[in-house]
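Please find one structure pasted underneath; my questions will follow.
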Amino acid sequence: MPRAGLDPQTVLLAAAELADQHGLERLTLAMLAQKLGVRTPSLYNHVGGLPELRRRLTLHGMNRLKEALTRAATGRAGDDAVRAMAEAYLAFARQHPGLYEATQRSLDRADAETAQAAAGVIEPVLRVLEACGLEGDQAIHAVRGFRSLLHGFASIERQGGFGIALDLDESFRLLVDLFARGMRSFGADGSDFRHDGGQVSQ
């Protein structure tokens, strides 16, 4: 019988904590069982195994990241919304490195649930860019560029790749500002994000 008080959500949140502390790839069912105070076989009442657990962490991480981006963009417009989303993304990667790692795993395209969750992460970014005049293929290209910028910075920082003693947050802000400037000229009408972009509502 499942241990009283133990349920799939409790198991998932405990796994997320361990992934953030030790890294996604170092997470094991034995480690999780020890944290929860149960024997490893007891976990199979709540999760089908390590691959399923990692899939759940991917879904959980994507949903959390979407929430963070949506909150950051709500009520903001143009460059301000772009900056807020960028800061929220980097904060998530810093505060939840294991969950963030889970969001970057290669997805099974036949898995409709993970595909939907991945699309959900992009949704608030698309809304901001579309409000600024980017549509269709332009918006997709811009989202790819934005994601590459954010993930590249977060990954290099995580690996200790920025060795020069210069403020990383300032470098990040300058990089995001450069991206926003480029997106103005990329827009269909060349509009300035700061003045012509519409606010994003939740």
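Nothing in this text is a laboratory measurement; each read-out follows from the coordinates by a stated rule. Just so it is clear, the model here is predicted, and its values are computed rather than measured. A quick note on method: Cβ atoms are made from the backbone with ideal geometry, for glycine too, and the neighbour counts reach across all protein chains shown.
Using a Debye calculation, one point per C-alpha and no hydration shell, please list log10 I(q)/I(0) for the stretch 16-79 at q = 0.12, 0.14, 0.15 Å⁻¹ in order.
For the stretch 16-79, the Cα-only Debye profile gives -0.41, -0.51, -0.56.
Calculate the translational D of the chain in whole µm² s⁻¹ from Stokes-Einstein, where the hydrodynamic radius comes from the Kirkwood formula applied to all Cα pairs, the temperature is 20 °C and the viscosity 1.002 mPa s.
D = 117 µm²/s.
By per-residue mean of other Cβ atoms within 10 Å, what is the highest-first order of 10-17, 147-154?
Going by the mean number of other Cβ atoms within 10 Å, highest first, we get 10-17, 147-154.
For the stretch 1-112, what mean projected area does the convex hull of the alpha carbons give, in nm²?
Numbers: hull surface 33.2 nm².
Mean projected area for the stretch 1-112: 8.3 nm², to one decimal.
In nm, to one decimal, how far is the modelled label at residue 167 from the one at residue 110, with both set 7 Å along Cα→Cβ?
So the label points at residue 167 and residue 110 sit 5.1 nm apart.
So, in nm, how far is label residue 181 from label residue 52 when the simple model puts each one 7 Å beyond its Cα toward the Cβ?
That separation, rounded to one decimal, is 5.2 nm.
Would you give the gap between the C-alpha center of the stretch 11-37 and the C-alpha center of the stretch 60-82, rounded to a whole Å?
27 Å
What is the ratio of the Cα radius of gyration of the stretch 1-48 to 2.2 N^0.38 Å, with N the residue count, to two decimals?
Cα Rg divided by the expected 2.2 N^0.38 Å: 1.04.
Sort out for me the Cα centre separation of the stretch 165-181 from the stretch 136-153, rounded to whole Å.
Computed from Cα coordinates, the inter-centre distance equals 16 Å.
Below 8 Å, C-alpha to C-alpha, sequence gap of six or more: please give me the relative contact order for the chain in percent.
Here the relative contact order equals 26 percent.
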